[in-house]
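Below is one structure; the comments refer to it alone.
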Amino acid sequence: MDDPTADLIIDLNPLPDEIDARLRAQLEFIAEADKLKTILRASPLAAADRRENDAEHSWHLALMVLLLAEYADEPIDVGHAIKLVIIHDMVEIYAGDSPVFDTAAVVDQVEREIAAADRLFTMLPPDQAGEIRALWDEFEAAQTPEARFCKAMDRLEPMLLNWLNRGGTWGMPGATESRVRAREAGVVAASTTLGAATDALVRAGLNNGWIRPDPD
């Protein structure tokens, strides 16, 4: 296929006709989610010489929520937060990744992701489509304690990978101190403790020459 998002994965081998319609829709959505494994992010892995994909990123955030919830400044429902991070990047199946330090990539990010959500989540039965879309909307709005903490994990994870790679995406042309600090602020907003740890990573990154100071 010229455009891997143009056709559904299930079109490669449709399910047997006797499968119930509700289950069919759920399985077709699950099959389409396999595309998330192909969406590469800018962040390099620490354990291998390649970039992480969106599915790996989402799993890593779920693990971080489970292990680091005790540092949230507000009490959070861990199970609900894990749902948020599992869903949060699924729209990138159609919208693609938008590296934060790539100015051109983020120009129409919101519009692309809303269109992708409209297309992807409606594959599910109506009740689940509404539930999953609500989770995605909640993460994006960051108005609940769980969403704020999940946003913090979404900032912290790539910073940790950058640290482990002695720079990582901090070496991208648009990544100056102020823009890195803006990402750090998303961690501080949900966790004083994790915010302080992130600040330590950024300060050490500056001292090591892995983050460029802002131009005078």
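The values are calculated or read from the model by the stated rules, or taken from the named source; none is laboratory data. None of these values were measured; they are calculated from a predicted model. Cβ atoms come from the backbone with ideal geometry, glycine included; neighbour counts cover every protein chain shown. Just so you know, the surface numbers come from the protein's heavy atoms only, side chains and all, with ligands and any DNA or RNA stripped out. Shrake-Rupley method; radii C 1.70, N 1.55, O 1.52, S 1.80 Å.
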- Task: Would you tally the residues in the stretch 99-114 being more than 16 Å from the chain's Cα centre (by Cα), free of Cβ contacts under 8 Å to residues at least 12 places away in the same chain and open to solvent by 80 Å² or more (accessible area, probe 1.4 Å)?
- Result: 2
- Could you say which residue among Met64, Met123 is open to solvent by 30 Å² or more (accessible area, probe 1.4 Å) and either in contact with a helix residue (DSSP H, G or I) (Cβ under 7 Å, 6 or more places away or on another chain) or at negative phi (or both)? Met123
- Query: Can you name the residue in the stretch 76-98 that is small (Gly, Ala, Ser) and more than 13 Å from Ile39 (Cβ to Cβ) and, of all such residues, is most open to solvent (accessible area, probe 1.4 Å)?
  - Reply: Gly79
- Task: For the stretch 52-59, state whether one or more residues are more than 13 Å from Asp97 (Cβ to Cβ) and of a type outside the set (Phe, Trp, Tyr).
- Result: no
- What number of residues within the stretch 197-216 satisfy the criterion of being of a type in the set (Val, Ile, Thr) and part of a helix (DSSP H, G or I)? 2
- Picking from Gln143, Gln128, which residue would you name as being in a loop (DSSP other than H, G, I, E, B), polar (S, T, N, Q) and at pLDDT 95 or above? Gln143
- Query: When both residues are 6+ apart or on different chains and their Cβ atoms are under 7 Å apart, which pairs have a first residue that lies in the stretch 7-36 and is surrounded by fewer than 12 Cβ atoms within 10 Å (Cβ to Cβ) and of a type outside the set (A, V, I, L, M, F, W, C), and a second that is modelled with pLDDT under 95 and not in a helix (DSSP H, G or I)?
  - Reply: Asp7/Met1
- Message: Please go through the stretch 92-105 and give me each residue that is hydroxyl-bearing (Ser, Thr, Tyr) and modelled with pLDDT under 95, ordered by number.
- Response: Ser98, Thr103
- Among (1) open to solvent by 60 Å² or more (accessible area, probe 1.4 Å); (2) closer than 18 Å to Ala142 by Cα; (3) in a helix (DSSP H, G or I), the one test that Asp73 misses: (3)
- Item | Set Asp89, Asp108, Asp118: member being at negative phi, of a type outside the set (Gly, Ala, Ser), out of contact with any helix residue (DSSP H, G or I) (no Cβ under 8 Å at 6 or more places or on another chain) and modelled with pLDDT of 95 or more | Asp118
- Note on the structure: Those residues of the stretch 15-49 which are over 15 Å from Glu92 (Cα atoms), touching a helix residue (DSSP H, G or I) at 6+ places or on another chain (Cβ under 6 Å) and in a loop (DSSP other than H, G, I, E, B) amount to Leu15, Ala46
- Message: charged (D, E, K, R) and either assigned to a loop (DSSP other than H, G, I, E, B) or at pLDDT below 95 (or both): is that true of Arg148 in this structure?
- Response: no
